[in-house]
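Step one of this worksheet: look at the structure below.
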Amino acid sequence: MEDNYLKTAREILNCVGGEGNIVSAAHCATRLRLVLKDDSRIDLEALEKLELVKGNFNNGGQFQIILGTGIVNKVYAEFIQIAHITEMTKEELKQQAAKKMNPVQKLLKTLADVFVPILPALVASGLLMGINNILTAQGMFVPGKSLVEAFPAIRDFAEMVNLFSNAGFTFLPVLIGFSAAKIFGATPILGAVMGAIMIHPDLLNGYGYGQALLDGTVPYWHMFGLSVAKVGYQGTVLPVIASSFCLAVIEKRLRKVVPAMLDNIVTPLLSVLLAGALTFLFIGPVMRGVGDMMTNGVMWLFFDLGALGGLIYGVTYPLLVITGMHHSLVTAETQILANIGTLGGSPTFAVVAAANCAQGAAALAVMCRTKNDPKMKSMASASGVSSLLGITEPAIFGVNLKLRYPFYGALIGGGIGAAYATIMHVLSVSQGPCGVIGVICIRPDCMLQFMVSMAVAMACAFGATMLLGNVFGQKEKKENEKREKGKDGKTAPAGEESPVLRIETEPGCIYAPVEGRAIPHTEIQDPTFAAGVVGEGVGIIPAKGEVVAPFDGQISMFFDTKHAIGLVSDDGVEILIHVGVNTVELNGKHFTPLRQSGDKVKAGDRLLEFDMEGIREAGYDLTTAVLVPAPNHVELVKTGEVKQLDKILTTT
């Protein structure tokens, strides 16, 4: 298996444009994460055919290849060796990836980076709130009574749970201030101080600000001719993020000018004083208004547009996942949950869960439809279950987008399920796993309708995918029939075809794929091939524009530019056949492939035709390299005139 990791790493490197296209690489528990110079050089079709690759997607400036736990680290170790790059952490890779982002992407990434570290606290608080709701909900378990009323002995326990559940949202600005200051480069504890200032008990509680405005009882500070509202920012998100950014700007500039001996005293003092003053004067009021508009927009979508709003949100969410923009929704969701006492809950959770479950159901439909592709069947089943639990990337990028029609089916099912959840006013009390197990985050009186919404989404997505699969399947069938004809040599260009040669092959032997004059690879007029950088082998100056399989095996890669083919023999020998020198510049012109990546071949099967005269007239050397990559030992058996399937190399 160790050789398989090296082979996979080499194939991935080829698929992403080679060593020269790599900026940096890192890995997480399941994915190889790459920052590339030119994403257009990625060969997705070839990459998706690799045995160990379970999916891929491009997000936030990173091209991520899903390999799985226990595999990714081993492939990564080989990858950085053959790509000649240094090992990087995920944070360093993110910094490289951020350079490729536009301003909107950078803003969304920043919001995600702020909220991800504090999500466990919000999830814990929300789930505790759900437990409290179960204990205090009327008639849920006992007719006409709550559990607390039926069993008074648990009243104090319920009060304790309620206190625990409120803490995360009560002190939310402190948590956000700490996290945001860290992201922006300020001292995190000063960010927490800014959050604490914004919810200080001496201020008018932010939840009462609206009524105080109506009553004309808002308190003010009067200083230097200015009137500053003494109002807290409970239940808000954007003001403390903007305040932390302001803090970071001030602190970093002060540290450049304040003498080192005074830095630890003067810098914190002035940073908090200036950032705090700007917060209450300008930043807080403006960002409170922006946050209110975001929240009102989401609430309008669900409570005014009703089913149509839910359908729009449910269909749009998976599209945002593809681009990574779904992180921007966390801000509005958090602010809604922070005002849960006023709003009663968030309508977005059930809609997102419906969209996720629809993606899972579509992947499971693919599993049921797939007959002759064990890899796709396995991937569809695993990713489908994962989506039902709230993790959709494997299904979206590994199955549904790849085949297209399951993604359309999932959009249909997700939209219908989301519309139903909106009609039934399914509300959540916390953030959590947006799948079927997310029922624990739902208000007790909405739990049944939440499960119905998930069932509707899954049934519609499954049915739509099966129906669309039948339509798309006819097209797939025709393509497969055409491909099968190609395997029999029936789709070759008009003209006289060569008879298919057959020989008895020997293990470790490589036979001439091209007729012509064989020379050692050191004599090829290409410094990379001659130096053995790609591997050792032979060059053949062709006398006929045709390439055949040099052994029994499989095509591991057919380059988009059609000039080169990677093959692996049944006994594990890997080779590269590269027609001509620098012919990649022809971009496929003068080359006619007769097979494709993944095809099984027998020695003598026709793989490629090329127009020798056209390539010569374009000014390119036709010498065809047949190379075996290191660490194999290669022995040259024959030089001079060779016919197709003459033995030319042996390997150990």
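The values are calculated or read from the model by the stated rules, or taken from the named source; none is laboratory data. Fair warning: this is a prediction, and the values are worked out from it, not measured in the lab. With ideal geometry, Cβ positions are generated from the backbone for all residues, glycine too; neighbour counts draw on all protein chains shown. Calculation scope for accessible area: heavy atoms of the full protein, side chains included, ligands and nucleic acids excluded. Shrake-Rupley method; radii C 1.70, N 1.55, O 1.52, S 1.80 Å.
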Could you calculate the FRET efficiency of Ser378 with Ile85 from 1/(1 + (r/R0)^6), where r is the beta carbon distance between them and R0 is 30 Å, rounded to 0.05? 0.45
Stretched fully, the stretch from Ile265 through Thr639 gains (0.36 nm per residue minus C-alpha distance, one decimal, in nm) 126.7 nm
Any idea how far apart Glu19 and Arg517 come out in nm if each label point goes 7 Å out from Cα toward Cβ? 3.2 nm
Is any helix in the chain, taking whole DSSP H runs, at least 30 angstrom long along its axis by alpha carbon and on average at least -0.5 on the Kyte-Doolittle scale, and which ones? 348-369, 447-487
So, R0 is 35 Å and r is the distance between the beta-carbons of Thr170 and Arg253; what FRET efficiency does that work out to, to 0.05? 0.60
Note: Asn296 to Arg502 extended length (0.36 nm per residue) minus current alpha-carbon separation gives 66.9 nm
Quote the relative contact order of the range 521-638 in percent (integer), defining contacts as alpha-carbon pairs under 8 Å separated by 6+ residues. 36 percent
Taking R0 as 51 Å, what's the FRET efficiency between Asp202 and Ala455 from their Cβ-Cβ distance, rounded to 0.05? 0.50
With 10 Å bins from 0: P(r) over the chain, alpha-carbon pairs, percent: 3, 13, 19, 20, 16, 12, 9, 6, 2, 0, 0
Taking the simple approach of a point 7 Å from Cα along Cα-to-Cβ for both Asp571 and Val533, what is their distance in nm? 3.2 nm
Taking only the alpha-carbon positions of the range 552-652 as identical scatterers, the Debye log10 I(q)/I(0) at q = 0.20 Å⁻¹ comes out as -1.13
Taking amide H atoms as placed 1.01 Å from N in the peptide plane, list the residues 5 or more away in sequence, or in a different chain, whose amide H sits under 5 Å from that of Val23. Val35, Leu36, Lys37
So, with points 7 Å from each Cα along the Cβ direction, the Leu274-Asp646 label distance in nm works out to 8.0 nm
What full-extension length gain, to one decimal in nm, is calculated for Leu214 and Arg41 as 0.36 nm per residue of separation minus the Cα-Cα distance? 56.2 nm
With every protein chain kept in place and a 1.4 Å probe, the chain has an accessible area per residue in Å² of 46 Å²
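Leaving out ligands, DNA and RNA, and with a 1.4 Å probe, what % of the accessible surface on the chain is carbon or sulfur? Don't skip to the end; give the middle numbers.
On the way: 17940 of 29670 Å².
Ligands and nucleic acids excluded, carbon and sulfur reach 60 percent.
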